[in-house]
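See structure below.
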Amino acid sequence: SEDTKALFIIFGATGDLAHRKLYPAIYRLYKKGMLSESFAVIGTARRDWSDEHYQEVVLDSIEDLIDSKEHAESFAKHFRYQSHNVKDSEHYHTLKELADTLDEEYAIEGNRIFYLSMSPSFFGTITHHLREQSLVTENGFNRVIIEKPFGTDFDSSKALNDEINDSFDEDQLYRIDHYLGKEMVQNLLAMRFSNRLIENSWNKDSISNIQITLSEDLGVEERGEYYDKSGALRDMVQNHMLQVVSLLTMKKPASFTTNNVRKEKLAILKALKDPKVTQDDKTEFVRGQYAPSEDGKTKGYRQEEKVDPDTLTETFVAGKLTIDTDEWRDVPVYIRTGKRLSEKTSRVDIVFRSTESDLFSDQPTLLSVLISPDEGIELTLNNKKIGPGMHLEPTQLSNLRSEDTVKDSPEAYEKLILDVLNGDETHFAHWGEVATSWKYVDQIRKEWDNMTESIPFYPALTMGPKEADVLLEQQNHKWIFKG
Ligand code: BG6
């Protein structure tokens with residue numbers, strides 16, 4: 001269809017994200033015929049690469065996805081490389097000429113997608129030049145995809161947003177939160193609002209507590225330089241975690257339009273009660289840092305490359321969130337995320353209240369939504385134990401998507417890029433959500449930045465410091481997922 005015509009200009013084309021996610025995602029769309037032949041990509045970065053080399057890099061990045069070598073090569077031919085200094089206005093002239101040439105060559109009709117996948121400190125400069133040096137077209141759409149991190153706190157994200165807004169309007173901006181592109185995250189709204197059984201029980205009368213776990217078994221890998229300045233709170237909680245919280249608790253939107261969905265999500269973020277962060281066990285947020293594993297085979301965070309050996313940066317966060325509305329005030333939302341935990345899993349556990357009758361001492365009904373790497377739903381109910389008497393045993397109804405289904409379903413970046421081509425902003429973070437999330441996590445950050453003595457440690461490949469268990473025990477709850 002016509003609207004899939006586009007010229008992509010990728011800033012940060014030699015980077016890891018482009019290689020791991022963007023090129024494969026664009027190729028998947030191409031393979032499925034969701035991208036017309038009227039597309040081209042200009043990759044830019046500081047390094048001096050030739051078109052041929054760039055095309056080889058692209059081919060390398062899609063190696064596992066190639067069925068036909070010929071088809072893949074004709075795909076790669078759409079890619080050009082332009083070495084670029086983002087601060088030099090002359091370079092934007094060269095870029096514009098190339099863009100205009102490709103626009104004509106591929107009959108793209110002015111549709112442009114500017115993909116900013118590099119240090120956010122350049123976002124303002126780049127968007128300014130794109131406007132000033134007329135890379136923005138008159139005849140087609142002009143959309144800007146922005147990678148995280150969108151600032152490091154509210155003030156810096158506001159400054160960044162203001163700078164970008166000088167050149168582009170909010171409705172041209174697509175702030176990536178790749179969690180919003182995941183099938184099982186998108187499924188949350190489908191599941192909540194299409195099943196009477198679930199919809200009618202999705203409230204404080206039926207739900208005891210909500211638990212979200214985004215755990216990783218990997219450490220910081222080669223990202224020490226970025227991560228040591230960021231920490232888990234900024235890296236995972238401000239964005240992915242709070243987005244998932246809002247999708248789990250937002251009111252039913254009037255329709256699935258971008259504005260209606262965003263409005264309800266924002267209402268939740270705005271209703272978050274100020275977190276209590278203290279050094280004693282009254283605290284609602286706890287942090288941790290991985291120490292070497294018990295068997296000594298896995299190093300601790302302080303031993304990682306490009307990490308300050310005395311660093312107090314947290315690699316683990318657990319928290320108790322309160323949504324201060326009549327609907328949710330009595331339902332704690334527990335969150336937990338960290339590096340070098342015992343397992344890679346993203347999941348949601350909804351713990352229902354027990355029946356509170358004298359008939360049974362029932363276990364709470366449990367609904368688990370597995371986001372990744374397993375995708376599916378598990379429901380644990382009480383059943384009568386076979387035999388005499390009225391005794392119970394838990395029964396698990398499990399619907400996990402098969403490995404093939406998961407493998408064949410569209411990857412998050414693929415879906416999000418398609419949304420950008422179609423001009424659908426629903427699965428992107430609006431400025432209001434980003435701003436509100438930063439204001440929330442800034443309060444936690446501020447307290448932790450004042451706690452300069454030490455940080456709780458946890459052995460690598462365990463589920464975090466004991467403080468994270470105490471957090472729930474205080475409320476007579478416990479983590480469902482034990483790792
Ligand atoms: C990114 C973080 O946003 O999300 C990484 O910067 C993290 O530190 C990643 O590893 C986790 O995403 P996923 O899809 O692997 O759960």
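What follows is calculated from the coordinates using simple rules that are stated; it is not laboratory data. In this text, all values refer to a predicted model and were calculated from it rather than measured experimentally. Here Cβ is always computed from backbone atoms with ideal geometry, including for glycine, and neighbour counts include all displayed protein chains.
Ordering I126, T94, A25 by the projection of their Cα atoms onto the charge dipole of the chain, which places +1 on the Cβ of Lys and Arg and -1 on the Cβ of Asp and Glu, puts A25 at the extreme positive end.
For the pair K69 and Q474, a Förster radius of 56 Å applied to the C-beta separation gives a FRET efficiency near 0.40, rounded to the nearest 0.05. Rounded to the nearest 500, the 222 nm mean residue ellipticity of the chain from helices alone is -10000 deg cm²/dmol, with -39,500 (n - 2.57) taken per DSSP H run of at least 4 residues. Just to check, using Stokes-Einstein with a Kirkwood Rh over alpha carbon pairs, what's the diffusion coefficient of segment 284-398 at 4 °C and 1.567 mPa s in µm²/s? Estimated diffusion coefficient is 72 µm²/s. Over the chain, Cα pairs under 8 Å with separation of 6+ residues give a relative contact order of 17 percent. For segment 21-118, the dipole from Cβ point charges (+1 on Lys and Arg, -1 on Asp and Glu) about the Cα centre works out to 480 debye, to the nearest 20. Each principal axis of the Cα atoms in segment 41-80 has its own extent, and those three values, largest first, are 32, 16, 13 angstrom.
Ellipsoid fit via the Cα gyration tensor, segment 128-196: semi-axes of 31, 18, 10 Å, each the root of five times an eigenvalue, largest first.
Rounded to the nearest whole Hz, the Karplus-based 3J(HN,Hα) values (6.51 cos²θ - 1.76 cosθ + 1.60, θ = phi - 60°) of segment 462-479 follow the sequence 10, 8, x, x, 4, 3, 5, 7, 4, 3, 7, 4, 3, 9, 6, 10, 8, 5, with x at glycine and proline. Is segment 1-121 best put as rounded, prolate or oblate by its Cα gyration tensor, with a ≥ b ≥ c the root eigenvalues, rounded for a/c under 1.5, and otherwise prolate when a/b is larger than b/c, oblate when not? In terms of gyration-tensor shape, oblate. Give the residues of segment 181-223 whose amide nitrogen is closer than 20 Å to a point set 7 Å from the Cα of E356 in the direction of its Cβ. Inside the label zone: 198-211. Is the shape of segment 108-264 best called rounded, prolate or oblate, per the rule: a/c under 1.5 gives rounded, else a/b larger than b/c gives prolate, else oblate, with a ≥ b ≥ c the square roots of the Cα gyration tensor eigenvalues? Since a/c reaches 1.5 but b/c is at least a/b, the shape of segment 108-264 is classed as oblate. In degrees between 0 and 90, to the nearest 10, how far off the longest principal axis of the chain does helix 258-271 point, with axes built from Cα atoms? Value to nearest ten degrees: 50. Summarised in one figure, the compactness ratio Rg/Rh of the chain, Cα atoms and Kirkwood Rh, is 0.99. Per-residue 3J(HN,Hα) values for segment 28-40, derived from phi via the Karplus relation 6.51 cos²θ - 1.76 cosθ + 1.60 with θ = phi - 60°, read 4, 5, 5, 4, 7, x, 8, 10, 6, 5, 7, 9, 8 Hz in sequence order (x marks Gly and Pro). Rg and Dmax of segment 276-350, based on Cα coordinates, read 15.8, 49 Å. Summarising the label geometry, the points placed 7 Å from Cα in the beta-carbon direction at S89 and D408 lie 5.4 nm from one another.
The charge dipole of the chain, taken about the Cα centre with unit charges on the Cβ atoms of Lys, Arg (+1) and Asp, Glu (-1), comes to about 1400 debye, rounded to the nearest 20.
Would you work out if segment 380-447 is rounded, prolate or oblate? Take a ≥ b ≥ c from the square roots of the eigenvalues of the alpha-carbon gyration tensor; rounded if a/c is under 1.5, else prolate when a/b is larger than b/c, oblate otherwise. It is oblate, given that a/c is not under 1.5 and a/b is not larger than b/c. Ordered by the number of other Cβ atoms lying within 10 Å of each residue's own Cβ, fewest first, S368, S134 fall into the sequence S134, S368. Across segment 229-245, rounded Karplus estimates of 3J(HN,Hα) from the backbone phi angles (6.51 cos²θ - 1.76 cosθ + 1.60, θ = phi - 60°) give 8, 9, x, 5, 4, 6, 6, 10, 7, 4, 9, 4, 5, 5, 5, 5, 4 Hz, Gly and Pro being marked x. Here's the picture: charge each Lys and Arg Cβ at +1 and each Asp and Glu Cβ at -1 in the chain, and of I350, G12, N383 the one pushed furthest to the positive end of that dipole is N383.
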